[in-house]
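Have a look at the structure below before the remarks.
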Amino acid sequence: MLPLGRARAGTGAPSLNLLVGGPDGEQTSRWGDATALALSAGFPGGPAVLTQSAGGLDGVTGANRLDALVVPDGRTAAMLPGAALIAWILGDPRVHFDPTRWVPVLGGTNSGTLVVRLGNKPASVTALRGFAPLRLAAEAPQSADLAALIALACLGVPTAPVFGLRGVEAKTRAFVAGEVDAVFLCGEGVPADVAPLSANGGLMTFCLGQTDVTGAVIDDPFLPGVPQLAAFAGGQTGALAPAYAAAAAASRLDFFAVLPRLTDPGAVAAWRLAAATALQSEGLDAAASASGVLLQSAPGIAANLAALALSTADQSQLQAFIIQRFGQQAG
């Protein structure tokens, strides 16, 4: 990348910046590097898009820096993981940003599905309620597992989460060993991660789905035939439905690039035009396909961010649910 960056710097086009929420070399950082290279070709003069990593894996530090320190002059965008949004939804005291005010550029969404050992029973709400309780492998409430925890509450399924299982391998081991009844797979490579669970009696029940540009939840192309929650529930998802929609949106956002609020409309248009070129690049498309990630333009990212805007009543209900069900484990 160095020779390419120097060549473009030599054209006279001033460089641009991409602030990346997460450690250098980790997942969001890798997407940031790939996206920066792909974006560069879409700007007039092919300026270098320089990446700078900030903070931990959950992206909270990077998101805070975007709101607090980045001038909305169109020179700097940020690449962040969906984990930062889960922290925001749950009111993490470290959060000092508002994602509902960011200006979307592009991103990528992943799959999420609940895999349950049902024996010979078909997947249904009744079958899930029959566990009483369902032992769910989970990392913590403040993780992508939040979507599954809320979904099961929406379905009226008693659960007994087994917390502290971080990552697909730990959850799969617990499932194979019979220590849990269900695993919520969410992130990159979900279709491949289902295989060892299926080999041990696991069946996909419902999925997070994807969103179209209107914000409607649609089928997930990576998980054909697996219904999204509302369809699985027959449309009856209860009072926590808005909270689930927010958590599902945060969990399915693998990575996303945004500009700070109040960025000049001309600069926004330039970034989105460059994004259109980036999303057509062979390199970015190949990386997304290999990772089970669906690339999204600005409208798709905007639809997911819009789902985060919970009302005060819905936010309070979510907080009460977390405290009552999980107490000190919520953090």
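Structure notes:
- The residue that is nearest to ALA250 (Cα to Cα), among those in the range 160-200 that are among the acidic types (Asp, Glu) and surrounded by 14 or more Cβ atoms within 10 Å (Cβ to Cβ), is GLU188.
- Check on PHE256, touching a residue at least 60 places away in the same chain (Cβ under 8 Å) and either of a type in the set (Asp, Glu) or assigned to a helix (DSSP H, G or I) (or both): no
- In the range 127-143, residue farthest from the chain's Cα centre (by Cα) [restricted to those that are crowded, with 24+ Cβ neighbours inside 10 Å and over 22 Å from GLY234 (Cβ atoms)]: ALA137
- Of all residues making up the range 263-280, the number that are crowded, with 19+ Cβ neighbours inside 10 Å and either free of Cβ contacts under 8 Å to residues at least 24 places away in the same chain or not hydrophobic (A, V, I, L, M, F, W, C) (or both): 1
- Taking the criterion of being part of a helix (DSSP H, G or I) and surrounded by 19 or more Cβ atoms within 10 Å (Cβ to Cβ), the residues of the range 207-241 that qualify are LEU229, PHE232.
- Within the range 157-171, not a single residue is within 26 Å of ALA287 (Cβ to Cβ), touching a residue at least 60 places away in the same chain (Cβ under 8 Å) and among the charged types (D, E, K, R).
Yes/no per residue for (1) in contact with an Asp or Glu (Cβ under 7 Å, 6 or more places away or on another chain); (2) assigned by TED's automatic domain parsing to the domain that holds THR35; (3) closer than 16 Å to PRO141 by Cα:
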{"position": "LEU284", "(1), (2), (3)": "no, yes, no"}
{"position": "ALA288", "(1), (2), (3)": "no, yes, no"}
{"position": "GLY292", "(1), (2), (3)": "yes, yes, no"}
{"position": "GLN296", "(1), (2), (3)": "no, yes, no"}
{"position": "ILE301", "(1), (2), (3)": "no, yes, no"}
{"position": "ALA306", "(1), (2), (3)": "no, yes, no"}
{"position": "GLN317", "(1), (2), (3)": "no, no, yes"}
{"position": "ALA320", "(1), (2), (3)": "no, no, yes"}
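- Verdict on LEU253 being out of contact with any helix residue (DSSP H, G or I) (no Cβ under 6 Å at 6 or more places or on another chain) and of a type in the set (A, V, I, L, M): no
- Among the residues of the range 281-331, just one is exposed (fewer than 14 other Cβ atoms within 10 Å of the Cβ), within 19 Å of the chain's Cα centre (by Cα) and of a type in the set (S, T, N, Q), namely SER289.
- Qualifying helices (runs of 4 or more DSSP H) (wholly inside the range 278-331; at least 2 residues being within 16 Å of GLY32 (Cα to Cα) and among the small types (Gly, Ala, Ser)): 282-291
- Flag if ALA247 is within 24 Å of VAL217 (Cβ to Cβ) and out of contact with any Gly (no Cβ under 8 Å at 6 or more places or on another chain): yes
- Of residues in the range 82-98 being of a type outside the set (Phe, Trp, Tyr) and over 16 Å from ALA144 (Cβ atoms), the one surrounded by the fewest Cβ atoms within 10 Å (Cβ to Cβ): PRO93
- Which numbered condition THR126 misses (of (1) hydroxyl-bearing (Ser, Thr, Tyr); (2) in contact with a Ser or Thr (Cβ under 9 Å, 6 or more places away or on another chain); (3) closer than 30 Å to ARG173 by Cα): (2)
- Within the range 98-110, the presence of a residue that is farther than 30 Å from ALA274 by Cα and either part of a helix (DSSP H, G or I) or not basic (Lys, Arg) (or both) is excluded.
The values are calculated or read from the model by the stated rules, or taken from the named source; none is laboratory data. Nothing here was measured: the structure is a model prediction, and the numbers come from that model. Cβ atoms come from the backbone with ideal geometry, glycine included; neighbour counts cover every protein chain shown.
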